[in-house]
Amino acid sequence: MGKPTGFLEFERKASQKRDIAERKKDYNEVETKYSESQTKEQAARCMDCGIPFCHSGCPLGNIIPEFNDAVYDQNWQYAYTLLSSTNNFPEFTGRICPAPCESACVLGINKSPVAIEYIEKSIIEKAFENGWVVPNVPKKRSGKSVAVVGSGPAGLAAASQLNKAGHTVTVFERADQIGGLVRYGIPDFKLDKSIIDRRMEVMMAEGITFKTGVNVGIDYKSDRLLADFDAVLLSGGSTVPRDIEIPGRELKGIYPAMEFLSQQNKRVAQDLGKSVDNTKDHRGEKYANGEILATDKNVFVIGGGDTGSDCVGTSNRHGAASINQIEIMPMPPATRAESTPWPQWPMMLRTSTSHEEGCERAWSINTKEFIGDENGNLKAIKLVEIEWVNENGRMTMKDKPGTEKVYPCELALIAAGFLYPQPKGLLEGLGVKLDARGNVDAVKYKTSVEKVFAAGDMRRGQSLVVWAISEGREAARAIDEYLMGSSLLEAKAVSMISAEYVGL
């Protein structure tokens, strides 16, 4: 490596963040602009570790030690070449990926791991600033056409790769803007949507066609889709939210988290003068519950994951009276749990920028009942503490006697994840086989229907943005092989251990 002793000389220092009091007043990105000198210093921490387990921690197989070394040598353009060879959208992963590569970093065994995500973001921002990110227009077209249904990171990655192979690619999106949950699920304070827009400009210049507001299977029938294209990729994602069926669920004031988040993202877009349809959600479906705001309300976020955290940050910016985030599982340990040793993805407590801005958090809490007023509006929530016990080898939860309590609550946001893709419409029309979980059954990305493939959350269930990009790239290669008999598209490197082993 460029500086063999760097890991001994420098401490970890990742992205700097704006002051809490300042950032709570707007929806601008929390993280500040990268620093070249800081990035070089952090790249110097990358060890000559022999076996770079970070490769295996990353579902994309990013060539991490090499681009770290290039950054240390101030060869930024080469660093960008290395990074973009495996990752179509480092500007996404550099902002919203939980960085499993860092969990597998060898330095992380007994010190803070290399700030890989920060370095990755620095490289791609440097590349855009210097005009290195340019349209890659294929010199020759194959004569084959591919429909990509769904414009999240899996669909976009597949479209980019398929276009590079020379195929004519059309991306269909039922919402009014391209990006899927990256557009309407991730708050602007984590990922400014101009980041998506600049990438879309590059992809359109490369010859990719985008069609928004088209609900394939409804507006554009399945049989027509099969007739019009030589291959079809289903990358619509997992969109059916997990609900909680308890007394009072019908009250006004209880909503899926994604409906709350997508509304706010559309408000931000409108404030910036962008034309968006504020009557439809991230799935292109009509909002059923009107405008949802946390202003002056006692908010309970049900679910302890990243989506719940995003609800916390958005509620803070709305000016909520109070915010509580509750989780049914026990509180994770402050450091890596013994059950998830290095290099696995660690079970441990994580505190987001939204948590730093203010909220109460509680674990081992079950929601028993929603309580309403005489007009059918939510006014309170009944919670109980639980304990997890092992009964015949199976963990079950039991209420703790005497812990049931009622709290004021005018807004409850259910952030319990997603179940599976929407089966009605496209999937039923195509007749694709589903697996036991309700996802599209696709072996090596091929579904049960001829020339139809699937990737991303639609195939593997809800997952990380980095997995979505990986799935899109691999599916594109499978489609290229199907259409042409072979493929020159990059294949994911086979590493000594798989990303599945690392716990993802």
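Some points to look at:
- For the range 66-78, backbone phi angles converted through the Karplus equation (6.51, -1.76, 1.60; θ = phi - 60°) give residue-by-residue couplings of 5, 6, 5, 5, 5, 5, 4, 7, 6, 9, 5, 5, 5 Hz, Gly and Pro being listed as x.
- The GluC sites (Glu not before Pro) found in the range 267-335 that occupy coil by DSSP, while having at most 10 further C-beta atoms within 10 Å, are GLU291.
- Residues whose placed amide H lies under 5 Å from that of GLU369, excluding near-sequence neighbours: LYS382
- Report summary: the helix-based calculation at 222 nm, which adds -39500 (n - 2.57) for every DSSP H run with n ≥ 4 and divides by the residues of the chain, gives -8500 deg cm²/dmol.
- Residues LEU483, LEU434, sorted so that the one with the fewest Cβ neighbours within 10 Å comes first: LEU434, LEU483
- Look at the Cα gyration tensor of the range 6-129: its axes a ≥ b ≥ c give a/c of at least 1.5 with a/b over b/c, and that counts as prolate.
- Kirkwood-based Rg to Rh ratio, the range 304-386, C-alpha trace: 1.06
- Look at CYS105, CYS359, CYS58 and count the other Cβ atoms within 10 Å of each Cβ; fewest to most, that gives CYS359, CYS105, CYS58.
- Largest-first ellipsoid semi-axes for the range 243-416, taking √(5λ) over the Cα gyration tensor eigenvalues, angstrom: 30, 22, 14
- In the chain, Cα pairs under 8 Å separated by at least six residues give a relative contact order of 18 percent.
- All other residues whose Cβ lies under 14 angstrom from that of GLY131 are scored, Lys and Arg at +1 and Asp and Glu at -1, for a net of -1.
- Shape category assigned to the range 419-484 from the gyration tensor of Cα positions, a/c cut at 1.5: oblate
- Placed amide H near VAL449: partners under 5 Å, 5+ positions off or other chain: LYS433
- The ranking of GLU357, GLU474, GLU490, GLU22 from fewest to most other beta carbons within 10 Å of each one's beta carbon is GLU22, GLU490, GLU357, GLU474.
- Charge tally in the Cβ shell below 15 Å around GLU360, where Lys, Arg are +1 and Asp, Glu are -1, GLU360 excluded: -1
- Comparing Cα centroids, the range 82-155 and the range 325-379 end up 30 angstrom apart.
- Distance from the range 240-296 to the range 435-483 (C-alpha centre basis), Å: 28 Å
- Close amide H pairs (under 5 Å, H built 1.01 Å from N) link LYS17 with THR32, residues at least 5 positions away or on another chain.
- Tensor-based shape of the chain (alpha-carbon gyration tensor, a/c under 1.5 rounded, otherwise prolate or oblate): oblate
- Listed values for the range 90-107 are Karplus-derived 3J(HN,Hα) couplings in whole Hz (6.51 cos²θ - 1.76 cosθ + 1.60, θ = phi - 60°), namely x, 5, 7, 5, x, 10, 10, 7, x, 6, x, 4, 5, 5, 9, 4, 4, 4, and x replaces Gly and Pro.
- In sequence order, calculated HN-Hα J values of the range 166-175 (Karplus, 6.51, -1.76, 1.60; Hz; x Gly/Pro): x, 7, 8, 10, 10, 9, 9, 9, 7, 6
Throughout, read-outs are computed from the coordinates displayed, never taken from laboratory work. Values in this document were obtained by computation on a predicted structure and should not be read as measured data. Here the Cβ is made from the backbone with ideal geometry for all residues, glycine too, and neighbour counts use every protein chain on show.
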